[in-house]
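All remarks here apply to the structure that follows.
The values are calculated or read from the model by the stated rules, or taken from the named source; none is laboratory data. As the structure is a prediction and not an experimental result, all values here were calculated from the model. Glycine also receives a Cβ, built like all others from the backbone with ideal geometry; neighbour counts cover every protein chain displayed.
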Amino acid sequence: MKGYHATQRDDMEDREPDGPLEIAMVGDLTEHEADLFEKLLGVEPGGECIVYFDSLGGSAYAAVALAATIRLRGLRATGVVVGECTSAALWPFAACTRRLVTPLSVLLFHPMKWQSEENVALAEAAEWARHFSTLETDMDRFLAELFGAPLERIRDWSHPGRYVSGTELAEAGLAELVDLKMLKLLRTAKK
């Protein structure tokens, strides 16, 4: 979604965007992963974008991939939690260079959840258990690194699981608290 100065829909294709590309990470990240990648790749390397979050999370692998894409491409992403930022959605939010929350934003930190297909052989289940243990530890460490937070803080919030308000996240120094009226300042006119 791009912002345009045009007042009629037909004129939108001929107009230049009036600000950074806007991307919505809404719902299950896994279900929308291909679309989200396409939108992130639509931002030139080192470019600016605004990413709005209202997501219940998704796959840990989708979380790592989206966060890594933001960081590896050097995107100057401003993440804004306009609703919830739960579970796997935390990683791409933490990867943003600027993070904004409102007093009504909510972020759920929790341990990874184990999922398995039916009819899994014992050897495969044992390997998954080993991998899962390592992955959970690595994911906590990666999230702390992305937020620039002490690992202990992330672990305290994640184990056994905790809802953190936007106000609390800002007080921890991990995001900026903004009033909903202030979000319009994100959009700046091209000169």
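Restricting the first residue to segment 117-136 and requiring it to be of a type in the set (D, E, K, R), which pairs with a second residue that is modelled with pLDDT of 70 or more meet a Cβ separation below 7 Å and a spacing of at least six or different chains?
Glu136/Pro111
Here are some residues: Ala68, Ala6, Ala94. Which one is at negative phi, at pLDDT below 90 and among the aliphatic types (A, V, I, L, M)?
Working: Ala68 fails: at pLDDT below 90; Ala94 fails: at pLDDT below 90.
Result: Ala6 is the single residue among Ala68, Ala6, Ala94 that is at negative phi, at pLDDT below 90 and among the aliphatic types (A, V, I, L, M).
Working carefully through the options Leu108, Leu174, find the one that is of a type in the set (A, V, I, L, M), assigned to a strand (DSSP E or B) and at pLDDT 90 or above.
After applying the criteria, what remains is Leu108.
Whether any residue in segment 52-63 is closer than 30 Å to Lys181 by Cβ and either loosely packed, with under 15 Cβ neighbours inside 10 Å or modelled with pLDDT under 95 (or both) is what I want to check.
Among the residues of segment 52-63, at least one is closer than 30 Å to Lys181 by Cβ and either loosely packed, with under 15 Cβ neighbours inside 10 Å or modelled with pLDDT under 95 (or both), which makes the answer yes.
In segment 24-50, which residues are within 19 Å of Leu108 (Cβ to Cβ), touching a helix residue (DSSP H, G or I) at 6+ places or on another chain (Cβ under 7 Å) and in a strand (DSSP E or B)?
Listed by number, the list holds a single entry, Met25.
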